[in-house]
Every structure is written in C-alpha cells, then in structure tokens.
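Got a structure for you, questions after.
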Ligand SMILES: NC(=O)c1ccc[n+]([C@@H]2O[C@H](COP(=O)([O-])OP(=O)(O)OC[C@H]3O[C@@H](n4cnc5c(N)ncnc54)[C@H](OP(=O)(O)O)[C@@H]3O)[C@@H](O)[C@H]2O)c1
C-alpha cells in the first residue's frame, strides 16, 4: 500500500452504514485509493478494500486494532451509535470519534485529513422549525448536540498539526444499506411493498402538515463524491459544507409518483406511528420473503420505522443552502425523484423487496 506519493489510504469508520458503505463503493472506483473499512461487524475483504472488526466504544480494542495502521492518509468518520434521546447521543458518539482519532493520529505520520460526517442536527433541524435555508455560518443552538461536540474536538486537535479537517452536512441520506437505524429509502420501500401485499393504497403516514412542507434529500452516492472532494481539495481545509441533491420537493407531489412506481393507488394521508403499526408485521415480512423468493433479510434488518416516523413528522420546511460547496468547486447534483426510483429498482434487483 502507499507505494508512491499519489497513493492514498482511506480509513472509512462506520463502513457498514448507509453513508460509509456508499463511500467505500465510490472510493473503489478511484484507482489511487486503498481502503480500510472499520465497524463492529467487519466485512468481506477483497481487492483494495479490507475490513477490520473494531468496537470503537472500547478504547483498548480501538488502540489494539487501529494503532498499527501507519499507512492511513485520510480518516473518513461516519460511525454512529443510536440512542433514544438527543442528549444520550452525545457520550457514545463523541467517545467513538475520540477513540478512533487517538489510536490513528499519533501512529500515522502521513495523515493528511480527517473528514467528519455531520447533518442538519447542527442547525437544530431535529428539534422543530429552524431557520431555512440553513447556512454553514448559522450560530449553534443550545447543547447537548453531538455533531457540534465532535467538530469542536477535531478543531481543537487539529491546531498545530499537518492534517486538516472537513465536515459534511447532508440532509436525509438515501442509498442502499441494511440493518441501519436511519434509512428512509428502506422505510418507504418496505412500507409500500407491505401495502401492496395487503391490497392497500399507499397512504402517507406522516403529520398532515408534513405532506405539504418543503424538503430536500441527499443521495448517498453524491455525498460520497462530495466527501472525497472536500477531503482532497485544499480549498476545503477546515471547512464545513452542506451537501444536498440541489432540488427541493414536497411529499404531496412525490408520494403519488412513488405509489405509481409500486403500481399502487394513493389514498388521503393518515397519520400513524410506523414504529407502532409495523411492530406486528414480522410474520407478514417472512411470508413475503418466502412467497417472492426474496434475499434472506431479517425483518429487523429492513426496519427503520422510528426514523420514518421522525422524517414524516417534519411539518416545517427542511432545507439548507447548498451554495457554499458549489462556490468552493463541487457542482454535482441529483434529481430526487429519479434517486428514489433508482434506489427502489436497486432494492428489487438485490431481491430485498418484490
Ligand atoms: N442516515 C441519514 O439519513 C443521515 C442523515 C444526515 C446525517 N447523518 C449522520 O451521518 C453519520 C452516519 O450515519 P449513518 O446513517 O450512515 O449511520 P449508520 O447507517 O447507523 O452506520 C453507522 C456505522 O457505525 C458503525 N458502528 C456503530 N457502532 C460502532 C462501534 N461501537 N464500533 C465501530 N463501529 C460502529 C456501524 O457498523 P456496525 O454495526 O458493523 O458496528 C455502521 O457501519 C451520523 O452522524 C448521522 O447522524 C445520517
């Protein structure tokens, strides 16, 4: 590895996440990168990608497994520990970043960059109506907020060092992944597939106002490109960027198009908690796996219902200003309607849904 100056070694922390997994898929297309994927589950190493199974909540395990990785030039941090409250997210998510950086940074003399995955929680988007469009320069809100604590840690640690940091702030991230707490594409795909199985129309399950509010998404592939760009373009050193598809939408326009993709009728929205009503659907899922000869994914692995309830509760505008990344040189965009349909098509090809 790193046999010449142009070679780079990425340590992708959170390699099985909806963000980490798609980042690795992108890095594999770039011949100058060697890739080390880190998470508890590990993965099947092949070619330029190798996986390490590490529990980042355990400082000793992190040190044992990571402190020998002298070749790492870039850390892409996209690990995440879910917790029931915003306050409880802080301790484990800060600890994982600290444990990763403390193990690698002193050991890797060629470290050039640490990329931090954040989100609109920096702007308080999860708390209620927030200022839109949210800008990178907006003031922080009252803590606790793990994204901000993670950025503060990196900013402090970077002082006087040769490496730089960048922070990426996507909206809801959509792409292929399984067994993830925050996976909107899976929520919609499995909800629609089950509606079809039960002979029901596709009803928007969110708050009435959420059907009409203005929001945006971030394609995981687009985010991967932006992440590598920000980590390797000197202009982006020590900067944060909103990364968005570049278009806005309302569910009231998109929902009927999603229904049409699944060959379903729509019916008027009806607010319900997916976390509650989908709790008894494991039997239905298992029957669908048998009947449609789907890949053998457990119901747990395709269940992000709590996240679905969260996203569909946003009865306020939910978008950020994406122009800073463009001003700094990143000009890619994704059409959100096509993005959803492409992901559903991919899920069908992989036999995740009928
Ligand atoms: N998903 C979204 O829509 C979205 C939107 C905006 C911002 N974000 C932010 O982006 C970041 C990543 O989110 P994500 O949705 O990609 O997360 P995710 O799908 O839940 O992935 C988290 C990753 O962290 C790994 N991980 C969890 N605990 C670990 C531990 N103790 N040690 C080692 N690895 C561990 C998981 O793999 P193992 O289970 O194998 O350990 C997985 O690879 C978060 O900060 C999140 O807030 C996400």
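Filter the range 137-164 down to the residues that are buried (at least 17 other Cβ atoms within 10 Å of the Cβ) and part of a loop (DSSP other than H, G, I, E, B), then identify the one that is farthest from the ligand (Cβ to nearest atom).
163
Out of curiosity, is residue 134 touching a strand residue (DSSP E or B) at 6+ places or on another chain (Cβ under 9 Å), in the same structural domain as residue 20 (by TED's automatic domain parsing) and more than 28 Å from residue 16 (Cα to Cα)?
Yes; evaluated as a whole, the condition is true for this residue.
Conditions: (1) within 14 Å of the ligand (Cβ to nearest atom); (2) part of a loop (DSSP other than H, G, I, E, B); (3) touching a residue at least 24 places away in the same chain (Cβ under 8 Å). Residue 128 meets all but one. Number of the miss?
All conditions pass for residue 128, except number (1).
Sticking with this structure for a sec: On the given criteria, is residue 167 surrounded by 23 or more Cβ atoms within 10 Å (Cβ to Cβ) and either assigned to a loop (DSSP other than H, G, I, E, B) or within 13 Å of the ligand (Cβ to nearest atom) (or both)?
For residue 167, the condition - surrounded by 23 or more Cβ atoms within 10 Å (Cβ to Cβ) and either assigned to a loop (DSSP other than H, G, I, E, B) or within 13 Å of the ligand (Cβ to nearest atom) (or both) - is met.
Further, regarding this structure: Pick from 177, 220, 189: which is under 16 Å from residue 341 (Cα atoms), in contact (Cβ under 8 Å) with a residue 24 or more places away in the chain, crowded, with 21+ Cβ neighbours inside 10 Å and in contact with a strand residue (DSSP E or B) (Cβ under 6 Å, 6 or more places away or on another chain)?
220
Out of the range 338-354, which residues are surrounded by 21 or more Cβ atoms within 10 Å (Cβ to Cβ) and in a loop (DSSP other than H, G, I, E, B)?
Within the range 338-354, 352, 353 meet the criteria.
On the basis of being surrounded by fewer than 16 Cβ atoms within 10 Å (Cβ to Cβ), in contact (Cβ under 8 Å) with a residue 40 or more places away in the chain and within 23 Å of residue 248 (Cβ to Cβ), does residue 335 make the cut?
Against the criterion (surrounded by fewer than 16 Cβ atoms within 10 Å (Cβ to Cβ), in contact (Cβ under 8 Å) with a residue 40 or more places away in the chain and within 23 Å of residue 248 (Cβ to Cβ)), residue 335 qualifies.
Do any helices (runs of 4 or more DSSP H) lying entirely in the range 180-275 carry at least 3 residues that are under 18 Å from residue 352 (Cβ atoms), and which ones are they?
Counting at least 3 such residues, we get 184-197.
Next up: Of all residues in the range 45-55 being touching a strand residue (DSSP E or B) at 6+ places or on another chain (Cβ under 7 Å) and in a loop (DSSP other than H, G, I, E, B), which is nearest to the ligand (Cβ to nearest atom)?
Here the residue is 54.
Okay, moving on. When only residues in the range 61-95 that are crowded, with 23+ Cβ neighbours inside 10 Å and in a helix (DSSP H, G or I) count, which is nearest to the ligand (Cβ to nearest atom)?
62
The values are calculated or read from the model by the stated rules, or taken from the named source; none is laboratory data. Not measured: the values here are computed from a predicted model. Virtual Cβ from ideal backbone geometry, glycine too; neighbours counted across all protein chains shown.
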